[in-house]
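K.L.:
Structure in structure tokens, see below.
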Amino acid sequence: MQSFDYIVVGSGTSGSVLATRLALNSKSSVLLIEAGGRPKGIWFKIPLGIGKILHNKRYIWKFFTKKSKNLDGRNIYLPQGKILGGSSTINGLVFFRGIAQKFDEISKSGCKGWSYKEVLPYFKKFENFEKNRIERGQGGPVNITEVSPKDILSEAFKNACLKIGIKFNKDYNSFLSEGVSYLQLNTKRGKRVNIFDVYHKLVKRKRNFNLFYDTVVKKIVLEGKKAVGVEVIKNNHQMKIFANKEVIISCGAIQTPKLLELSGIGNPKILEKNSIPVLHKLNGVGENLIDHYTIRLSYKSKKIITLNDLLAKRIKAIKMIFQYLFFRNGLLSTPSATIQAIFKSEKKLEYPDLKIQLVHLTEKGRFGIAYDSQTDIFSGFSLSCYQLFPRSKGSTHISSNDVNKETIIDPNYLDDDDDMNKILKAIKIARKISLQSPLKELIVEETKPGLNLNQKDELTKFIKNYGQTSYHPIGTCKMGNCEESVVDSDLKVKGLDNLRIVDASILPFHVSANTHAQCLMIAEKAADLVLSTKKY
């Protein structure tokens with residue numbers, strides 16, 4: 001029988017941070033458990049290597065959503081990281097804290113301590129931003145780099161945005177996010193920042209930090225209304241590991257509700273349907289699933305300046321590779337995207353709600369470099385469009401009492417008409433940008449959907465048939481005071497002792513275009529919440 005003071009389940013972005021901080025800032029013993037293994041190979045270091053990883057079931061939870069009537073019967077590939085570092089090893093690397101006012105909305109909804117002013121110190125705590133700016137952190141474990149150098153296509157996009165009144169913003173991670181900005185990435189000298197690696201360096205010599213990987217957690221062990229440990233499978237052996245203080249779940253918006261339900265925590269109807277005894281009724285588990293749905297407009301380029309050329313043009317490919325090897329910059333040091341525009345769909349809004357992002361490639365079929373996709377043979381780029389704060393909500397629930405069975409994932413994309421209308425608005429603005437100099441001088445034609453498709457019903461069908469996830473699922477164990485909330489403001493699971501959730505599932509709604517930065521902040525704040533608990 002093994003026991004530790006704290007057991008953290010999941011070594012993704014949040015779990016790696018939390019386990020490290022607990023071990024660093026206390027004498028308590030900490031165990032971090034991960035179902036996957038260690039990353040191996042060069043593709044985990046090169047930002048553009050994401051395309052080589054997202055097919056590999058050794059490192060990926062290969063999830064698919066259920067087929068959706070809102071997407072004309074399509075399902076969507078929604079991979080998650082199954083590896084030390086979790087999805088920080090496979091994500092798009094874009095660093096975006098979020099819209100300041102959205103954090104204030106979380107606080108006003110009843111989540112005390114989560115306003116922008118209150119979470120800002122936790123962002124600054126982990127940041128090491130390479131440019132010295134007032135609201136940014138320096139010296140933290142997570143390196144943040146602005147895309148460099150500025151290429152012809154990105155500069156053309158920036159200047160086209162300026163032409164239509166979208167102002168330049170030198171730092172969208174300051175209090176004001178609106179404007180056109182070069183992306184900030186979780187990279188260092190052109191290499192991906194794996195969150196497990198950078199935090200593990202801080203504790204690898206501490207004897208109170210323990211790590212089990214290739215270890216699957218089957219369920220949380222409860223005694224009455226108290227979490228006392230976890231049941232795991234390691235080296236084909238099943239065993240229980242006990243927690244003297246707390247069990248903390250950091251498995252993400254898909255896997256965290258799954259583990260709760262397998263443990264008998266959730267909606268009784270779901271549990272009983274899957275022959276699981278109801279140990280704690282909590283109807284919100286697995287509900288409120290929200291994800292960003294995005295569509296890309298594709299353009300054929302007059303110049304050989306995009307990532308399509310990496311495969312089609314040998315000389316161009318050699319130049320890109322040499323630039324990366326010798327200078328650690330250029331397109332290979334990016335996840336294919338370089339610059340974005342954040343703006344309001346209507347002037348009367350308090351804060352921006354739409355995003356257009358320049359991506360240096362186009363694809364033959366539906367976009368989604370992660371699954372069943374090939375780049376076009378011509379030089380081309382895309383404008384990715386989506387709304388920041390979708391209203392459509394879905395769910396994710398178990399389909400069996402077997403831990404190895406996949407869950408039923410239904411993001412319910414485009415269920416709210418406002419989501420479709422906002423995406424249509426973003427497409428209209430993207431097309432307007434494409435018609436401005438100097439960007440229009442680089443364009444041969446719009447290849448997808450094509451300017452011949454401009455009626456609302458035609459574009460609606462295009463959006464339904466060609467859109468994809470942005471890989472930002474949240475909300476399935478949301479924080480708050482309402483009946484559907486799962487955790488309180490201290491991230492404690494309601495009605496249970498010694499059990500917390502620390503990951504993107506606690507967010508009641510999106511605060512940003514990307515979720516990685518918030519997962520880091522949540523974990524940094526959670527460490528203080530755990531260690532300030534007077535009970536211990």
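K.L.:
Have a look at Asp503, Asp416, Asp410 and point out the one that is closer than 28 Å to Ser382 by Cα, touching a strand residue (DSSP E or B) at 6+ places or on another chain (Cβ under 8 Å) and acidic (Asp, Glu).
P.N.:
It is Asp410.
K.L.:
For the stretch 190-216, name all the residues that are among the basic types (Lys, Arg), farther than 26 Å from Asn244 by Cα and open to solvent by 20 Å² or more (accessible area, probe 1.4 Å).
P.N.:
We begin by selecting, within the stretch 190-216, every residue among the basic types (Lys, Arg); these are 191-192, 201, 204-207.
Applying the additional criterion that residues be farther than 26 Å from Asn244 by Cα yields 191-192.
Correct list: Lys191 only.
K.L.:
Right, here's the next one. May I ask you to say which residue of Thr306, Thr256 is under 21 Å from the mean Cα position of the chain (by Cα) and open to solvent by less than 10 Å² (accessible area, probe 1.4 Å)? Break it down into steps so the answer makes sense when it comes.
P.N.:
Working: Thr306 fails: under 21 Å from the mean Cα position of the chain (by Cα).
After applying the criteria, what remains is Thr256.
K.L.:
Just one of the numbered conditions (1) within 30 Å of Gly380 (Cα to Cα); (2) surrounded by fewer than 19 Cβ atoms within 10 Å (Cβ to Cβ); (3) β-branched (Val, Ile, Thr) is not true of Ile429; which one?
P.N.:
Only one criterion is unmet by Ile429, namely (2).
K.L.:
Can you say whether Phe129 is more than 19 Å from the chain's Cα centre (by Cα) and buried (at least 20 other Cβ atoms within 10 Å of the Cβ), as far as the supplied structure shows?
P.N.:
Working: more than 19 Å from the chain's Cα centre (by Cα): yes; buried (at least 20 other Cβ atoms within 10 Å of the Cβ): yes.
Considered against the rule, which asks whether it is more than 19 Å from the chain's Cα centre (by Cα) and buried (at least 20 other Cβ atoms within 10 Å of the Cβ), Phe129 comes out as yes.
K.L.:
Tyr172 passes all but one of (1) within 26 Å of Arg431 (Cα to Cα); (2) surrounded by fewer than 17 Cβ atoms within 10 Å (Cβ to Cβ); (3) hydroxyl-bearing (Ser, Thr, Tyr); which number fails?
P.N.:
With respect to (1) within 26 Å of Arg431 (Cα to Cα); (2) surrounded by fewer than 17 Cβ atoms within 10 Å (Cβ to Cβ); (3) hydroxyl-bearing (Ser, Thr, Tyr), Tyr172 is out only on (2).
K.L.:
If you check Phe123 against the conditions, is it under 23 Å from Gly252 (Cβ atoms), outside any strand (DSSP E or B) and in contact with a strand residue (DSSP E or B) (Cβ under 8 Å, 6 or more places away or on another chain)? First the steps, then the outcome.
P.N.:
On the way: under 23 Å from Gly252 (Cβ atoms): yes; outside any strand (DSSP E or B): yes; in contact with a strand residue (DSSP E or B) (Cβ under 8 Å, 6 or more places away or on another chain): no.
No.
K.L.:
Between Val193, Val198, which is in contact with a Pro (Cβ under 6 Å, 6 or more places away or on another chain) and either of a type in the set (A, V, I, L, M, F, W, C) or at positive phi (or both)? Break it down stepwise before answering.
P.N.:
On the way: Val193 fails: in contact with a Pro (Cβ under 6 Å, 6 or more places away or on another chain).
Of Val193, Val198, the one residue that is in contact with a Pro (Cβ under 6 Å, 6 or more places away or on another chain) and either of a type in the set (A, V, I, L, M, F, W, C) or at positive phi (or both) is Val198.
K.L.:
Inside the stretch 149-262, counting only helices (runs of 4 or more DSSP H) that do not spill past its ends, which hold 2 or more residues that are in contact with a helix residue (DSSP H, G or I) (Cβ under 9 Å, 6 or more places away or on another chain) and closer than 30 Å to Asp104 by Cβ? Don't jump to the end; show me each part of the working.
P.N.:
Numbers: elements: 152-163, 195-203, 252-262.
Passing ranges, in order: 195-203, 252-262.
K.L.:
Another question, then. Regarding Gly266, is this residue open to solvent by less than 40 Å² (accessible area, probe 1.4 Å), in contact with a strand residue (DSSP E or B) (Cβ under 7 Å, 6 or more places away or on another chain), at pLDDT 95 or above and not aliphatic (A, V, I, L, M)? Explain how you work it out, then say what you get.
P.N.:
On the way: open to solvent by less than 40 Å² (accessible area, probe 1.4 Å): yes; in contact with a strand residue (DSSP E or B) (Cβ under 7 Å, 6 or more places away or on another chain): no; at pLDDT 95 or above: yes; not aliphatic (A, V, I, L, M): yes.
When the stated conditions are applied, Gly266 does not pass them.
K.L.:
Here is a further query. Can you tell me which residue within the stretch 457-484, out of those that are within 21 Å of the chain's Cα centre (by Cα) and among the polar types (S, T, N, Q), is nearest to Asn283 (Cα to Cα)?
P.N.:
Step by step, filter the stretch 457-484, then rank; the result is Thr476.
K.L.:
Something else about it: Restricting to the stretch 124-138, count the residues that are modelled with pLDDT of 95 or more and out of contact with any Asp or Glu (no Cβ under 8 Å at 6 or more places or on another chain).
P.N.:
3
K.L.:
Identify all residues within the stretch 91-120 that are assigned to a helix (DSSP H, G or I), basic (Lys, Arg), open to solvent by 30 Å² or more (accessible area, probe 1.4 Å) and closer than 18 Å to Gly475 by Cα; write none if there are none. Working first, answer last.
P.N.:
Filtering the stretch 91-120 down to residues assigned to a helix (DSSP H, G or I) leaves 100-108, 116-120.
So of that shortlist, the ones also basic (Lys, Arg) come out as 102, 108, 117.
Applying the additional criterion that residues be open to solvent by 30 Å² or more (accessible area, probe 1.4 Å) yields 108, 117.
Selection gives Lys108 alone.
K.L.:
Conditions first: (1) within 29 Å of Ile474 (Cα to Cα); (2) in contact (Cβ under 8 Å) with a residue 60 or more places away in the chain; (3) assigned to a helix (DSSP H, G or I). Leu271 passes all but one, so which condition is the exception?
P.N.:
(2)
K.L.:
I need every pair where a residue in the stretch 444-462 that is more than 17 Å from Tyr293 (Cα to Cα) has its Cβ under 6 Å from the Cβ of a residue that is assigned to a loop (DSSP other than H, G, I, E, B) and not small (Gly, Ala, Ser), sequence separation at least 6 or different chains.
P.N.:
Val444/Lys302
K.L.:
Just the residues that are aliphatic (A, V, I, L, M) and either at pLDDT below 95 or out of contact with any Pro (no Cβ under 7 Å at 6 or more places or on another chain) (or both), please, taken from the stretch 70-92. It would help to see each step written out before you state the result.
P.N.:
Quick first cut of the stretch 70-92, residues aliphatic (A, V, I, L, M) only: 71, 76, 78, 83-84, 90.
Within the stretch 70-92, Leu71, Ile76, Leu78, Ile90 meet the criteria.
K.L.:
Then there is this: Could you list, in sequence order, all residues of the stretch 32-56 that are without any contact (Cβ under 8 Å) to a residue 12 or more places away in the chain and in a loop (DSSP other than H, G, I, E, B)?
P.N.:
Answer for the stretch 32-56, where residues must be without any contact (Cβ under 8 Å) to a residue 12 or more places away in the chain and in a loop (DSSP other than H, G, I, E, B): Lys40, Gly41, Asn56.
K.L.:
If Val444 satisfies all but one of (1) aliphatic (A, V, I, L, M); (2) open to solvent by 30 Å² or more (accessible area, probe 1.4 Å); (3) part of a loop (DSSP other than H, G, I, E, B), what's the number of the condition it fails?
P.N.:
(3)
K.L.:
Residue under question is Asn283, and the condition is that it be touching a residue at least 24 places away in the same chain (Cβ under 8 Å) and surrounded by fewer than 24 Cβ atoms within 10 Å (Cβ to Cβ); does it hold? Reasoning before the result, please.
P.N.:
Details: touching a residue at least 24 places away in the same chain (Cβ under 8 Å): yes; surrounded by fewer than 24 Cβ atoms within 10 Å (Cβ to Cβ): yes.
For Asn283, the condition - touching a residue at least 24 places away in the same chain (Cβ under 8 Å) and surrounded by fewer than 24 Cβ atoms within 10 Å (Cβ to Cβ) - is met.
The values are calculated or read from the model by the stated rules, or taken from the named source; none is laboratory data. Every value quoted in this text rests on a predicted model; they were computed, and no experiment measured them. Every residue, glycine among them, receives a Cβ derived from its backbone with ideal geometry; neighbour counts consider all protein chains shown. To get the accessible areas, we keep the full protein, side chains included, count just its heavy atoms, and leave off ligands, DNA and RNA. Shrake-Rupley method; radii C 1.70, N 1.55, O 1.52, S 1.80 Å.
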